[in-house]
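Here the structure is laid out as structure tokens; the discussion comes afterwards.
The values are calculated or read from the model by the stated rules, or taken from the named source; none is laboratory data. Everything numeric here is computed off the predicted structure, so don't read it as measured data. Backbone-built Cβ (ideal geometry, glycine too); neighbour counts: all protein chains shown.
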Amino acid sequence: MEANTPVPAATLAEQQRYYRARAAEYDEWFLRRGRYDHGPELNARWHAEVGQVQDALARAALTGDVLELACGTGWWTERLAATAGHLTALDAAPETIAINRARLEAAGLADRVAFAEADLFAWRPDRAYDAVFFGFWLSHVPDDRLDAFLGAVGAALRPGGTVFWVDSLRNESGTAPDQPLPGPGDPLTQRRLNDGRTFRIVKRFRGRDELVDAFGRSGIDLTVTATPTYFQIGTGQRR
């Protein structure tokens, strides 16, 4: 399947089912456990680069009224809630929201977060925010939906507001050995759960120039940087 070929709605629904089913084991990927354990050297590199992303997020200082899209199980929600005046966290999967909410309650930060379910392919903001964050979501947006999604992000930002995102660089050790990366130009890949079930999802790796152009069409001036091996970081301001 070519990158610019429209992705069927059925595939996007399958992607959503995958993340609902994966909720309880999602943190294994982030923590490099189980199938995602690549040994001491690569695990240490991963965690060091996670620290680099966390440092970049701290420097971005997302304060005021903040919106998190695809909030997942809460690794970033907890950090955002610590600096935001108020945080709105959206995700399509109630299972991940439940894990996220429990994490924030344990950290004593739940009262600073408003959680809500939302399909981000249909979502449109009803107000503007000081900052918008999304982690490991952009690569799951197909090309034919990218401008609509980024248009919604632009509409969710006040003039001068900040966007910050982090996503994956293309690297085989960024995932489990039993779920290889898609071929160059292929926007779809197969993902596997611990119980052996498989799902087809969108996984689109994009380069700096493509991303800068796409965000620019939505009124956002974007800067793209990367850690040495695993992560791509985008920061920008709404014009």
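Values computed for the structure shown
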| item | result |
| --- | --- |
| Among (1) within 18 Å of residue 27 (Cβ to Cβ); (2) in contact with a helix residue (DSSP H, G or I) (Cβ under 8 Å, 6 or more places away or on another chain); (3) free of Cβ contacts under 8 Å to residues at least 60 places away in the same chain - the single one residue 195 does not satisfy | (2) |
| Residues of region 182-239 that turn out to be assigned to a loop (DSSP other than H, G, I, E, B) and more than 28 Å from residue 10 (Cα to Cα), as a count | 6 |
| Options 24, 56; residue that is buried (at least 16 other Cβ atoms within 10 Å of the Cβ) and either of a type in the set (Phe, Trp, Tyr) or in contact (Cβ under 8 Å) with a residue 40 or more places away in the chain (or both) | 56 |
| Candidates 148, 131, 114 - the one that is touching a residue at least 60 places away in the same chain (Cβ under 8 Å) and not charged (D, E, K, R) | 131 |
| Residue ID - farthest from residue 19 (Cα to Cα), chosen from residues in region 48-94 that are among the acidic types (Asp, Glu) and assigned to a helix (DSSP H, G or I) | 55 |
| Scan of region 191-208 for residues that are over 16 Å from residue 33 (Cα atoms) and among the charged types (D, E, K, R), ordered by number | 191, 197, 200, 203, 204, 206, 208 |
| Qualifying residue in region 131-139 (condition: out of contact with any strand residue (DSSP E or B) (no Cβ under 6 Å at 6 or more places or on another chain), among the polar types (S, T, N, Q) and modelled with pLDDT of 95 or more) | no |
| Residue selected from region 81-102 under the condition among the charged types (D, E, K, R) and closer than 26 Å to residue 157 by Cβ, by the criterion nearest to the chain's Cα centre (by Cα) | 91 |
| Number of the exception - residue 209 against (1) touching a strand residue (DSSP E or B) at 6+ places or on another chain (Cβ under 7 Å); (2) more than 26 Å from residue 79 (Cα to Cα) | (1) |
